[in-house]
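Notes follow once the structure below has been shown.
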Amino acid sequence: MSLSLDNLGFTDEKIARILKKFPQVLSYTTENLNSKLDYMVQLGVPRERLLELVPNAPDSLALATTRIQETVDALDEMFGDGAGVQALGRNLGVLHSNVEGLRRSFNYLVSVVGLTPERLSTSSRYIGRSRDNILRPRFEFLKTQCVETVATLTWITRSHREFVEKYPGYEAYVVEYKARQKNTTTSAL
């Protein structure tokens, strides 16, 4: 199989990374893998760029072309024509996000937080974060702390560990937040 990946244009180093991250690639035919690469090239992502990106998200080659297109279309809806292909050209990992989840996060960040689509379009990681598990609790916590949430967006991209290190009161807040959410859900039933 590594010979097949080599035939697709991947270097030995990149093949090793692909195999380490996604050994299931061994079950795919060269034709299947090449068809996914060709599809993304047809969308507008340069093949040379794909050869750089795939080793970081090799499981993206396992996705159906309909799934790839669905993500591109959703990103175009949110950010404008061509945004989906631009996002793929930066990070294939966006393909693994739930499209409805991307929309929920986008709508929350625009309508509640006050960010612009242009600002969000700089990184798909912003809308790749869960609205209910990350964005909303962090945003509401930061409001209670009077922390600016529009000028800097590191509050979105920080890992949980990094966020708690920067804001030690967050863990206790999240426990209370989740309890309130559970009570709200229970009383709504």
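Rule-based calculations on the coordinates, nothing more; no lab input. Being a predicted model, the structure only gives us computed values, none of them experimental. Every residue, glycine as well, gets a Cβ built from its backbone with ideal geometry; the counts of neighbours run over all protein chains shown.
Measuring r between the beta carbons of Asn183 and Glu52 and using R0 = 41 Å, the FRET efficiency lands at 0.30. Only helices enter this figure: runs of n ≥ 4 DSSP H residues, each worth -39500 (n - 2.57), summed and divided by the residues of the chain, yield -17500 deg cm²/dmol at 222 nm to the nearest 500.
In percent, rounded to a whole number, the relative contact order of the chain is 13, using alpha-carbon pairs under 8 Å and six or more apart.
Using a cut-off of 14 Å between beta-carbons, work out the net charge of the residues near Gln24 (Lys and Arg +1, Asp and Glu -1, Gln24 not included). Neighbour charge sum, excluding Gln24 itself: +2.
In summary, the lysines within cross-link reach of Lys178, defined as a Cα separation below 23 angstrom excluding same-chain residues under 8 places away, comprise Lys143, Lys166. Dividing the convex hull volume of the alpha-carbon atoms in the stretch 1-96 by its residue count gives 78 Å³ per residue.
Rg and Dmax of the stretch 36-189, both derived from C-alpha coordinates alone, stand at 17.4, 54 Å.
The mean sequence separation of alpha-carbon pairs under 8 Å and at least six residues apart, normalised by the residue count of the stretch 1-96, gives a relative contact order of 27 percent. Rounded to the nearest whole Hz, the Karplus-based 3J(HN,Hα) values (6.51 cos²θ - 1.76 cosθ + 1.60, θ = phi - 60°) of the stretch 158-170 follow the sequence 4, 5, 4, 4, 5, 5, 5, 5, 6, 10, x, x, 5, with x at glycine and proline. Taking Cα atoms only, the orientation of helix 65-79 departs from the longest principal axis of the chain by about 40 degrees. Bridging of Lys182 to aspartates and glutamates at a Cα separation below 19 Å is possible for Asp132, Glu140, Glu171, once same-chain residues fewer than 8 apart are set aside. Straight-line cross-link partners of Lys36 among the lysines, defined as a Cα under 29 Å from its Cα and at least 8 positions apart when in the same chain: Lys14, Lys20, Lys21. Would you please classify the overall shape of the stretch 91-134 from the alpha carbon gyration tensor, given that a ≥ b ≥ c denote the square roots of the eigenvalues, rounded means a/c under 1.5, and beyond that prolate means a/b larger than b/c while oblate covers the rest? Oblate is the answer for the stretch 91-134, as a/c is 1.5 or above yet b/c matches or exceeds a/b. Selection among Gln69, Phe22, Gly44 by position relative to the dipole of the stretch 1-96 gives Phe22 as farthest towards the positive end (Cβ unit charges, Cα centre).
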